[in-house]
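The values are calculated or read from the model by the stated rules, or taken from the named source; none is laboratory data. Bear in mind the structure is a predicted one, so any value in this text is a computation, not a measurement. No Cβ is skipped: glycine too gets one built from the backbone with ideal geometry, and neighbour counts run over all protein chains shown.
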Amino acid sequence: MPSSEPGPSVEEPAGLLADAIDGLGEALAAVDAFDQALVAGLRRPQPAGLADLAHAVAGTPLAARAAEAAGKAAAGAAGEDHFVALAAARTALLGSVHDALLVRAEEVTGRARGEEAGASPRGQEAVNLLAAARSWLSDVARSGWQGIDHDLVSGAAHVVSALLKDPDLRRLATLLDGFAAELAASCPGTALERVPARRWADLWSRAMLLTVPGAAEASASGEATGRLLPLGVDLQEHATAVQAQVHAVFEPADGGVPRLVRASVSAPKPDTVVGAGLWQLLRPHMSLLQAVSEGRSMDLDGMPVTAGGDLIWSDEHARQGEPADAFAVARVALPTATDAVTAPLDRHPARIAVPVFMEGYAARKDGDAVTFAVAGRPLAVDTDRIPAAGPLTPQAVAASGACIGLLRWDAGAFSVQPLAVETTVRKKAVAVHAGQWAGGTADKAGVKAEKAATDAVHVLRERAGRLLRK
């Protein structure tokens, strides 16, 4: 267990979260203007939107290239290099927004950020495959979201198949595959009543930059030896996949400065496995989930870790440690830890997830909405992110007096995603965690949900066996 004196919680400076940040609105407006240009497509001349993006990066190293690209695109004559420049300008703007928001978050938490590291060079990438992906993305930009059709979208299939064969290109392959699937489900674009302009522009820009040789190089990595103190689990579920991301404080064995780290595990899933059954898909791949459920630390020995604080989890480098209550960790160890560094291409407001500890707030529930009154100002609670795979509920959050969460930013404002809360049940103070059932549970609701998931998996395996026998 952490043994030093408790550090300050986030309440005192939390009023800063509602204060305006200079230049934020202008940067987002320039991004929105470009995103609207992508809706109609860049095949035909259109002066609107593109100049705003170029103007927003004036005075930066991208200024000349962005201005040229915006001019060519406005005239309907942009080439692939111009599209790359526009994607870079848009990404840089959102990166600046990300950085400004993180500075504000650091002012609130009082924690410092770790030092950036260089990239680790990789082998020679298949330039021809990157060029093929860039060509398809350029065609998509020319057509715009309203101009997509099945013929255009299907062109990604052979590119994705080729990219998947190269391990160094699977990040781009996965992105293109998912992006193309979303576009295919929305064809034809002319029939769209609502266009997810920001999301599709995010995916397009990120994919376009990943086609630049060297852009996907990983941050320099090292090894982690010491004690891992879990804070909570962020469970993310989709129709065909599930991922659990454990946020934790890592205390180096050599007495170095503690740092915030993450450990993730993901697995494919059938759409019939939901709720607590999701843990069955993840447990075999990560012993850390058992430690989270039991409120224990883990001792790491040579665990690979990136400069961005992501543990490349391998059970052979970890063993169960001593009991470590997450709220004790949040009160004592979290304030002394340095925040993880964000990789350049990950600098986006939607990716902000800063671990915080809050207590002494007044929780209020109005219908489905929950807010914390912090320093006299309301802070929205993102209860939509609370997974059904655990005992944590919006009702428990609304009745809480302390919270471990992730500070996020969306739709122009900060919010907190609860990972665990301290609340009162039958006049007793108890801790309720989103990941409480990760390693198994005796809770009646959890046992029932797991049994239903087990039955569903057995049925699916039986059907698959019959198909294989045929």
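Yes/no matrix, rows are residues, columns are (1) part of a strand (DSSP E or B); (2) at pLDDT 95 or above; (3) not assigned by TED's automatic domain parsing to the domain that holds PHE327:
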{"site": "ALA215", "(1), (2), (3)": "no, no, yes"}
{"site": "LEU228", "(1), (2), (3)": "yes, yes, no"}
{"site": "VAL233", "(1), (2), (3)": "yes, yes, no"}
{"site": "HIS247", "(1), (2), (3)": "yes, yes, no"}
{"site": "GLY255", "(1), (2), (3)": "no, no, no"}
{"site": "ALA267", "(1), (2), (3)": "yes, no, no"}
{"site": "GLY277", "(1), (2), (3)": "no, no, no"}
{"site": "GLN280", "(1), (2), (3)": "no, no, no"}
{"site": "ASP301", "(1), (2), (3)": "yes, yes, no"}
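Pull out all pairs, ordered by first then second residue, where Cβ-Cβ is under 9 Å, the residues are six or more apart or on different chains, the first lies in region 156-167 and is modelled with pLDDT under 95, and the second is among the β-branched types (Val, Ile, Thr) and surrounded by fewer than 14 Cβ atoms within 10 Å (Cβ to Cβ).
Listed pairs, sorted by first residue: VAL160/THR174; LEU163/THR174; LEU164/THR174.
Let's see how each residue does on (1) of a type in the set (Ser, Thr, Tyr); (2) within 20 Å of PHE83 (Cβ to Cβ); (3) touching a helix residue (DSSP H, G or I) at 6+ places or on another chain (Cβ under 9 Å); (4) buried (at least 18 other Cβ atoms within 10 Å of the Cβ):
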| position | (1), (2), (3), (4) |
| --- | --- |
| GLN146 | no, yes, yes, no |
| GLY155 | no, yes, yes, no |
| LEU172 | no, yes, yes, yes |
| LEU176 | no, yes, yes, yes |
| LEU183 | no, yes, yes, yes |
| CYS187 | no, no, yes, no |
| THR190 | yes, no, yes, no |
| ARG194 | no, no, no, no |
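Residue check, ALA452 against (1) farther than 30 Å from VAL108 by Cα; (2) assigned to a helix (DSSP H, G or I); (3) in contact with a strand residue (DSSP E or B) (Cβ under 9 Å, 6 or more places away or on another chain); (4) not acidic (Asp, Glu), all met but one. Which one?
(3)
I'm told GLU106 meets every condition in (1) modelled with pLDDT of 95 or more; (2) within 22 Å of the chain's Cα centre (by Cα) except one. Can you identify the failing condition by its number?
(1)
With region 19-138 as the region, which helices (runs of 4 or more DSSP H) entirely inside it contain at least 3 residues that are surrounded by fewer than 21 Cβ atoms within 10 Å (Cβ to Cβ) and charged (D, E, K, R)?
Passing ranges, in order: 63-74, 80-109.
The rows are residues; the columns are (1) assigned to a strand (DSSP E or B); (2) more than 30 Å from GLY25 (Cβ to Cβ).
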| position | (1), (2) |
| --- | --- |
| LEU345 | no, no |
| LYS365 | yes, yes |
| ALA373 | yes, no |
| PRO391 | no, yes |
| PHE414 | yes, no |
| VAL430 | yes, yes |
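Within region 257-271, which residues are more than 17 Å from SER221 (Cα to Cα) and small (Gly, Ala, Ser)?
Within region 257-271, SER266, ALA267 qualify.
For region 325-343, what are the residues that are outside any loop (DSSP other than H, G, I, E, B) and out of contact with any His (no Cβ under 9 Å at 6 or more places or on another chain)?
Selection gives PHE327, ALA328, VAL329, ALA330, ARG331, VAL332, LEU334, PRO335, THR336, THR338, ASP339.
Of (1) under 26 Å from the mean Cα position of the chain (by Cα); (2) buried (at least 16 other Cβ atoms within 10 Å of the Cβ); (3) farther than 15 Å from PRO418 by Cα, ARG351 satisfies all except one. Which?
Here ARG351 meets the rest and fails (2).
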